[in-house]
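Some notes on the structure that comes next.
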Amino acid sequence: MAITLDQTIAQKQRSRLSEFVGSQTFWVLIAVVLACIFLSFATDSFATAKNLYNITRNVTFVAIIALGMTLVIITGGIDLSVGSVLCLCSMVLAITMNAGYSIEIGIAAAVGTALLVGAFNGVLIAYLDFPPFVVTLGMLSVARSLAMVASNNTVVFQFGPDHDKLLALGGGAWLFGIANPVLYMVILALLTGFVLRWTRFGRYVFAIGGNEHAATLTGVPVRRIKVIVYMISALSAGIAGIVQTGWLGAVTTNIGAGMELQVIAAAVIGGANLAGGVGTAFGALVGAALIEVIRNSLGLLGINAFWQGTFIGGAIVLAVLFDRIRNLRQSE
Amino acid sequence: MAITLDQTIAQKQRSRLSEFVGSQTFWVLIAVVLACIFLSFATDSFATAKNLYNITRNVTFVAIIALGMTLVIITGGIDLSVGSVLCLCSMVLAITMNAGYSIEIGIAAAVGTALLVGAFNGVLIAYLDFPPFVVTLGMLSVARSLAMVASNNTVVFQFGPDHDKLLALGGGAWLFGIANPVLYMVILALLTGFVLRWTRFGRYVFAIGGNEHAATLTGVPVRRIKVIVYMISALSAGIAGIVQTGWLGAVTTNIGAGMELQVIAAAVIGGANLAGGVGTAFGALVGAALIEVIRNSLGLLGINAFWQGTFIGGAIVLAVLFDRIRNLRQSE
Amino acid sequence: MSVIAFPGGDRRSEIAGVWLIANGDGKPAGSGEDGRLAAVLELTNISKHFGAIQAVNDVSFSLEAGQVVGLMGDNGAGKSTLVKMIAGNFRPSEGTMRLEGKEIVMHRPVEARQHGIEIVHQDLALCNNLTAAANVFLGRELRRGIGPLKVLDYKTMYRRAGEIFKELKSETRPRDLVKQMSGGQRQAVAIGRTMLSEAKIVLMDEPTAAISVRQVAEVLNLIRELRGRGIAVVLISHRMPDVFTVADRVIVMRRGRKVADKSIAASSPEEVTGLITGAIEQV
Amino acid sequence: MSVIAFPGGDRRSEIAGVWLIANGDGKPAGSGEDGRLAAVLELTNISKHFGAIQAVNDVSFSLEAGQVVGLMGDNGAGKSTLVKMIAGNFRPSEGTMRLEGKEIVMHRPVEARQHGIEIVHQDLALCNNLTAAANVFLGRELRRGIGPLKVLDYKTMYRRAGEIFKELKSETRPRDLVKQMSGGQRQAVAIGRTMLSEAKIVLMDEPTAAISVRQVAEVLNLIRELRGRGIAVVLISHRMPDVFTVADRVIVMRRGRKVADKSIAASSPEEVTGLITGAIEQV
Amino acid sequence: AKKQLVIVVKGLDNPFFEAINQGCQKWNKENASAEYECFYTGPASTSDEAGEAQIVQDMLGKADTAAIAISPSNAKLIAQTLKTANPSVPVMTLDADLAADDAALRKTYLGTDNYLMGARIGEYIKKAKPKGGTICTIEGNPGADNILRRAQGMRDTLSGKKGLTALKGEGGWTEVAGCPVFTNDDGAKGVQAMTDILAANPKLDAFGIMGGWPLFGAPQPYRDLFKPMADKIGKNEFVVGAADTIGDEVAIAKEGLVTALVGQRPFEMGYKAPTVMMDLIAGKKVDDPVFTGLDECTKDTVDTCIQK
Ligand SMILES: Nc1ncnc2c1ncn2[C@@H]1O[C@H](COP(=O)(O)OP(=O)(O)OP(=O)(O)O)[C@@H](O)[C@H]1O
Ligand SMILES: Nc1ncnc2c1ncn2[C@@H]1O[C@H](COP(=O)(O)OP(=O)(O)OP(=O)(O)O)[C@@H](O)[C@H]1O
Ligand SMILES: [Mg+2]
Ligand SMILES: [Mg+2]
């Protein structure tokens, strides 16, 4: 044969680009872009600076949590508690600051709470082999209940001496008129992307999702990694909670209710596979963007509120349809 | 050796009883019984005919859907749309009867709607290989939206000529003072148990959950069975919706909201394994009962309402803990 | 159930009894008169591609009753794909199959079974959460009852599965979950499936991989017994000694094509190795 | 990367180069002076139970550098459990292990590797969603960078994995996903892991099950090469010919106990078969 | 144990009901030696209608319960529950009432006149823009009857006609496409939807906010949205009439970012309920309904508008 062993070994099967073009993330991105182009022509109000500012900002909260969720999903797990954890962390932040502590202490308390909750989830899942669905479903209930207990179920809207700092943190636009939450989202996405691709930790996350047993046998510290992953997921919810508190300027005990399903939808639309082993940080953003663009467009196009659920539900299914069709074509 | 091949082959490894005693369902049942005994002594009001009547009736709606959900979970799937399907079916029933049709036609319309929704879910999952989580998440959004469209978001509380029949169906107590919904639940549970244990269909449901690939290779009509399973799940939600409508006497577009997580919790607490292959009809009832007893007891014991979520979430985790501890002890 | 040790000499009649019940037909089929072998199955120009992958390419051969054919080839040569087509798991992209002279097209594994074609899959295709008996009868559960109301006949299934395991000399309890079973027991369950009805053809996809020498000997014995009954057996194996011990004929595949089809007596392990690796192009 | 065909004669030095880089130490370890074999590993009264199951029962033996030991036994005899203990996957319930005379207790697979013990697992232990190179380096990724900020060194890992596959004569592309690979390629990836560092002991749990004759020959060659370098090899296999071709010594286990431990020259396939099945009680 | 005067609210996740709880607790503190105590409960989520009915049953089954005040989220359902339970203790409604034909099931209603509340919001809007214009109604949970009643009150006032479900030019007012918007009691969602509606309809004249979520749940984005329009609001070129005076809402009114607030007095409800229940137990004659007042705030009256 003319092809030597060297050549075969050196061969790349597919370039990174062709791989990306074949991915679900790519098709969803195309859908988002097409939708944006369509809306720019169909309505006067879509392609305005103000609307784009709003859209990008609205995307962030779901997107930030979807980054953490993507890690969880890559390991083959799921985290249903994120909406409640967001609520709990916002409340801890609000109460701490309301009691007169500085913003640093408030954020530290919120982050600490998030890490604690995540560690609890993670330890039960990794060390006691609980099903992630069950543990985080329990936590969904517990975390919101604790937020009620902590706040005595009141609206907190006074954040003590650092009130304005907190509002600036979440509501300001420090750079080129881009909303701050968007900056955080981009930074966190780059960080997540970097971790997944370039660090040993990221490699292990994928390995666990691909074949947990194999990862254990080859000496990957599977349990430790899993605990960290659930801590990151809770942390991302906590960060979203802190930013959202700064944006909203008030915390009630029902913020983040039902958010878990939106976040999971965003991650899955962006290409994460609930069976584990597959997912990207970029996909999480794209998935969140698709959901927000649809929501925004329904408002702009003046579509009856009753129908909105149908469109959003339909979009969730359609996003995955691309991927299915491609797979079906390939296998037959 | 003294033991012949015949003896070995004839040997039963464990009796059905010892198997049951080792199961999670058993431990949860014990927990339910202990809680009931404790409550009977701790409060005057628990062991009253009226309270028991209420508890048993309250259990039914979650329990009926948990029966269908258990089938889905045994095949290794999940159905997040049940709460919305319940709402849609209730609404279809209400609107049909409100328009002057008889109760039979109303029920037929509701059941037809449920089967249609279930078939849609099932076909996407079985034939197009969609992840169940995604499809039913989409349907969660779509079905409720359709209920809003259908009812124009009004409260329906007039059920036409057969109004009283419907209320009797759901609110009456035709037999020994047992609430009608309880009767339906028991009948459906016996039916589900029978199907799972004694029919070929039930056998196939377990086979698919155990090893879908193997089931396909041996000629089990995997796709057909999966479609039927999702239809049954939607049907159970539809039946619960019909009964609940009869009990409530009014339908709004937010009944059944968030019910999916309760139902899944009930099934899982009762011993169904989200990885597939394991689950019983009896377990679904026991799981639903545990949740209801906890809810009821918190009220009777006068525990601060804010803490309720913590107790219920904790119970979900604890229920699975029994099982985990047993497994850990066995494996080390 | 009987607790008396099962006397070896009886075994044959006992298992025939099983088949009699299952089929309502005790006559062993397929074996021609006085040793002349009849073609049971004939494949003509069978091909199968998955998208761009040509897994099986223009393969023709025939199986004769009472003949054991070893099917060998490198990993990915297309062996499993070929037998799966015969077993009704895949439909050929091209080509025809004839069973006892009649062309057949199968859409589902059940149809293959109705034609008397049984298969033991490479990965055994077992459901860990079911009992051994349930696995043996998977896809053709026995039921009893009247009219449309039929329930699973647990008792008979346990009994028959027990009889089959006895015949296989395997210490496998029909009521145990497959999850807890050893490799050899799992093998027995998978092979047990082929014995439910009077098969004409039994396809075995690496039945001897990863089982110990003891069980290998048992599987080879079983294959001999099948041959004795006039059943055509296809044995896929990477183990040269197995094929040369038990097979009458060997077919070698390379990259989806058939590169050899000759009697064992006329071949040698060295030649077959050469054919598999490509050192020998074709014979 | 070089596209020039790789000349066979160079291979040895090339792979030594790989090890040099990996270990910073090119000297083959473990081979005693002028052929005298030193005991590398010594197991004393090792037992392991899982709950009520006694998987390994009071097993003692020693491994010597440059010796290939065949480990045989029925399914469930405890072979995998035994080698997993040596590889640090399980800790023995009882008994001690001595590496080059020093008692060792290992808590994690990483520690076994640090001691120079490598294992190829029975089910290969591959992650389908990762590339071949990622699988080879799983658990000991190469990283570059300064201080605490270290990133994965993709380039070097691809290059080294390529070199290892070349050494194994396997047409395996380091950048391909394992998901799409053939049985032989998967095997190459799993075996490739053992070649990352200068091992003293390589444990192989059924490396030849379900791969074709061609690859079997390659694996056996590789084992010979390991022996040549003074590495102790434990080969678990159900394939009698493999063991008798390549092993110097054979250990037979039955129901968790060691029932034989003798040199190949002094044994025979028949005897070993008898020991496995229990026809011969013990030697 | 003391006999209990039970208050069952729609859901614990709403700060409005917490104000009721505060009133209830204040009563307890002031009446520490009384033979009764006020006990506050409800389902975790406002959307859990069946859950509320179950709690009502539990409470009616309890021996300690001396009287019960219910805030029904699904009026028909609670009516049905009461019918079957046939309670021996006095029952009243609080904050939200049963339907007119079920009125016999409860002794009295204590709370806001929701229709009047909507009508007052409508009057403020009408006063600011007598010629009418385009409007968008922001509602809460799609099933919430009190919110629907408020919306009806506002529509009736704006149009001068009874019972229209959507305004199409009646009285000069038109509801734009995509409205009403349901926020599901989520402040952020409410503001996001309002932002979209404003973007799609730059010439919109008014918002009628029937539940205060966008203001008290997301005060900062609300400010961001309306700060650029503060001038127009001041000049009545743009009108926002909103419900409730919870949290930051009054401050927002002070900044001139809302034309008028019409608030309920939940604290008063919680505080008064035990007394009303004790009267019912004692068999005294009680008015039906007992309305708690409305607090109406505009930019000029913010410092005095809230009844203490
Ligand atoms: N369902 C499928 N979809 C796509 N490709 C497939 C499928 N099944 C098999 N193939 C491909 O077809 C080719 C032949 O595979 P097959 O399993 O028949 O090989 P084999 O000879 O049985 O190998 P082995 O000895 O490893 O079992 C391989 O390249 C394989 O990847
Ligand atoms: N993690 C575990 N937990 C419980 N039991 C185990 C575990 N691993 C192995 N066993 C049991 O220990 C015994 C020995 O198993 P082992 O895998 O070592 O056998 P083996 O000799 O490798 O067999 P095979 O040839 O089939 O690979 C078996 O009875 C097995 O069921
Ligand atoms: Mg194969
Ligand atoms: Mg093994």
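The values are calculated or read from the model by the stated rules, or taken from the named source; none is laboratory data. Owing to the predicted nature of the structure, the values given are computational and were not obtained by experimental measurement. When we count neighbours, we look across all protein chains shown, and the Cβ atoms used for this are built from the backbone with ideal geometry, even at glycine. Just so you know, the surface numbers come from the protein's heavy atoms only, side chains and all, with ligands and any DNA or RNA stripped out. Shrake-Rupley method; radii C 1.70, N 1.55, O 1.52, S 1.80 Å.
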Those residues that are at the interface with chain B (Cβ under 7 Å from one of its Cβ atoms) and either open to solvent by less than 10 Å² (accessible area, probe 1.4 Å) or more than 25 Å from E:S45 (Cα to Cα) (or both), I need them from the range A:125-136; list them, please. A:L128, A:D129, A:F130, A:P131, A:V134, A:V135
Out of all the residues in the range E:62-78, which are within 7 Å of chain B (Cβ to nearest Cβ) and in contact (Cβ under 8 Å) with a residue 12 or more places away in the chain? E:K62, E:N74, E:K76, E:L77
Just give me the residues in the range C:153-176 being within 26 Å of B:V195 (Cβ to Cβ), out of contact with any strand residue (DSSP E or B) (no Cβ under 8 Å at 6 or more places or on another chain) and either open to solvent by less than 10 Å² (accessible area, probe 1.4 Å) or of a type in the set (S, T, Y) (or both), in sequence order. C:Y154, C:M157, C:Y158, C:A161
Kindly provide the set of residues from the range D:62-79 that are more than 13 Å from the chain's Cα centre (by Cα) and within 15 Å of ligand 2 (Cβ to nearest atom), ordered by number. D:M72, D:G73, D:D74, D:N75, D:G76, D:A77, D:G78, D:K79
Which of (1) within 16 Å of ligand 1 (Cβ to nearest atom); (2) within 12 Å of another protein chain (Cβ to nearest Cβ) does C:M204 not meet, given it meets every other one? (2)
Does the range C:239-247 contain any residue that is surrounded by 16 or more Cβ atoms within 10 Å (Cβ to Cβ), at pLDDT below 90, among the acidic types (D, E) and away from ligand 4 (no atom under 16 Å from the Cβ)? yes
Any residue in the range C:68-88 that's within 12 Å of C:S47 (Cα to Cα): show its pairings with residues that are among the polar types (S, T, N, Q) and away from ligand 4 (no atom under 16 Å from the Cβ) at Cβ separation under 8 Å, as long as the two are six or more apart or on different chains. C:G78/C:N57
Where in the range E:225-308 are there strands (runs of 3 or more DSSP E), lying wholly inside it, with at least 2 residues that are surrounded by fewer than 20 Cβ atoms within 10 Å (Cβ to Cβ)? E:295-297
Any idea which residue in the range D:177-223 is surrounded by the most Cβ atoms within 10 Å (Cβ to Cβ), counting only those that are assigned to a strand (DSSP E or B) and within 16 Å of ligand 2 (Cβ to nearest atom)? D:L203
Under 6 Å between Cβ atoms, at least 6 apart or on separate chains: pull out the pairs that start in the range B:25-49 with a residue that is over 25 Å from B:R324 (Cβ atoms) and end on any residue that is hydroxyl-bearing (S, T, Y). B:L39/B:S297; B:F46/B:S40; B:A47/B:S40
Scanning the range C:49-72 for residues that are within 13 Å of ligand 3 (Cβ to nearest atom) and at pLDDT 90 or above gives C:V56, C:L71, C:M72
Taking the options E:G212, E:G190, name whichever one is of a type in the set (G, A, S), within 14 Å of another protein chain (Cβ to nearest Cβ) and more than 15 Å from the chain's Cα centre (by Cα). E:G190
Of all residues being more than 15 Å from ligand 4 (Cβ to nearest atom) and at negative phi in the range D:44-58, which is farthest from the chain's Cα centre (by Cα)? Just the residue, please. D:A52
From the set of residues in the range D:102-142 that are surrounded by fewer than 15 Cβ atoms within 10 Å (Cβ to Cβ) and free of Cβ contacts under 8 Å to residues at least 12 places away in the same chain, which is nearest to the other protein chains (Cβ to nearest Cβ)? D:Q114
Selection from the range E:83-118 of residues within 18 Å of the chain's Cα centre (by Cα) and surrounded by fewer than 20 Cβ atoms within 10 Å (Cβ to Cβ) yields E:A99, E:Y115, E:L116
Any chance E:I125 is within 10 Å of chain B (Cβ to nearest Cβ), buried (at least 23 other Cβ atoms within 10 Å of the Cβ) and either within 21 Å of the chain's Cα centre (by Cα) or closer than 23 Å to B:R295 by Cβ (or both): no
Matching residues in the range D:231-264 - criterion: being out of contact with any strand residue (DSSP E or B) (no Cβ under 9 Å at 6 or more places or on another chain) and away from ligand 2 (no atom under 16 Å from the Cβ): D:P241, D:T245
Conditions: (1) within 22 Å of C:L203 (Cα to Cα); (2) modelled with pLDDT of 80 or more; (3) more than 8 Å from every other protein chain (Cβ to nearest Cβ). C:S170 meets all but one. Number of the miss? (2)
Restricting to the range C:61-87, what's the tally of residues that are touching a Lys or Arg at 6+ places or on another chain (Cβ under 7 Å), open to solvent by less than 10 Å² (accessible area, probe 1.4 Å) and within 9 Å of ligand 1 (Cβ to nearest atom)? 3
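Residue-by-condition table, conditions (1) within 14 Å of chain D (Cβ to nearest Cβ); (2) more than 20 Å from the chain's Cα centre (by Cα); (3) at pLDDT 95 or above:
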site: A:A168; (1), (2), (3): no, yes, no
site: A:A173; (1), (2), (3): no, yes, no
site: A:G177; (1), (2), (3): no, yes, no
site: A:N180; (1), (2), (3): no, no, no
site: A:L183; (1), (2), (3): no, no, no
site: A:R200; (1), (2), (3): yes, yes, no
site: A:V205; (1), (2), (3): yes, no, yes
With the condition kept exactly as written, say whether any residue in the range C:262-269 is in contact with a helix residue (DSSP H, G or I) (Cβ under 7 Å, 6 or more places away or on another chain) and either assigned to a helix (DSSP H, G or I) or open to solvent by 10 Å² or more (accessible area, probe 1.4 Å) (or both). yes
C:L226: passes all of (1) farther than 17 Å from C:E118 by Cα; (2) open to solvent by less than 10 Å² (accessible area, probe 1.4 Å) but (1)
Unique match (being within 12 Å of chain C (Cβ to nearest Cβ) and not polar (S, T, N, Q)) among D:G184, D:G230: D:G184
